[in-house]
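Report on the structure given below.
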Amino acid sequence: MKTILVSILSVLFSGILLNCSSVNSNISHPDQDAQLHREWMLVAYGNYSKADMMSKGARINLTEKTENGKIRGTAFMGCNGMFFTSEFKNDGNVKISEIGSTLKACQDMKLEMDFGKEFRNMKTYAVKGHSLTFTDDQGHKMEFVAADWD
């Protein structure tokens, strides 16, 4: 009888430990959400000047509610409205997917075209104070500042 009780308790205890250790690291934390859920102005990217990006109103918007660990975002680089899905992981990785945009033709679309090509390749992110930085595998960066701060 004692052996059966010990066996049952061992199985139950093992189940509890497995459930505790299998917590999904993709689930965002409230602190992380508060830092990310903002509108962000693009201030440093490639060879573009900050003044050029500011004059185009270059920005991303991550204010939508997080659902299943993902944030539906929008971007604007001076001509077309862009949309995407972002998945920010607690280990500093980010996945940008489902990118699309409106199809207006504008006179100067170079920033928009370059951003659209490279944004999907961003692999890591860092939030420090009022700054958000994305980096790809080759070290290319996109730096943003919170729109409610600058």
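The values are calculated or read from the model by the stated rules, or taken from the named source; none is laboratory data. This structure is a prediction, so every number in the text was calculated from the model and none was measured. With ideal geometry, Cβ positions are generated from the backbone for all residues, glycine too; neighbour counts draw on all protein chains shown. In case anyone asks, the SASA skips ligands and DNA or RNA and just uses the protein heavy atoms, side chains included. Shrake-Rupley method; radii C 1.70, N 1.55, O 1.52, S 1.80 Å.
Evaluate the stretch 94-104: report whether one residue or more is modelled with pLDDT of 95 or more and closer than 19 Å to Val43 by Cβ.
For the stretch 94-104, residues modelled with pLDDT of 95 or more and closer than 19 Å to Val43 by Cβ: present.
Could you go through the stretch 69-77 and let me know if any residue there is in a loop (DSSP other than H, G, I, E, B) and over 16 Å from the mean Cα position of the chain (by Cα).
yes
Yes or no: Lys104 charged (D, E, K, R), more than 16 Å from the chain's Cα centre (by Cα) and under 13 Å from Ala58 (Cβ atoms)?
no
Would you say Lys56 is open to solvent by 30 Å² or more (accessible area, probe 1.4 Å), in contact (Cβ under 8 Å) with a residue 12 or more places away in the chain and out of contact with any helix residue (DSSP H, G or I) (no Cβ under 9 Å at 6 or more places or on another chain)?
no
Only one residue in Asn121, Asn80, Asn90 is crowded, with 16+ Cβ neighbours inside 10 Å and not hydrophobic (A, V, I, L, M, F, W, C), so which one is that?
Asn80
Could you list all residues from the stretch 124-150 that are more than 19 Å from Phe84 (Cα to Cα) and open to solvent by 60 Å² or more (accessible area, probe 1.4 Å)?
Hits for the stretch 124-150 are Lys128, His130, Asp137, Gln138, His140, Asp148, Trp149, Asp150.
Find the residue count for the stretch 108-118, including only residues that are at pLDDT 95 or above and either open to solvent by 30 Å² or more (accessible area, probe 1.4 Å) or β-branched (Val, Ile, Thr) (or both).
6
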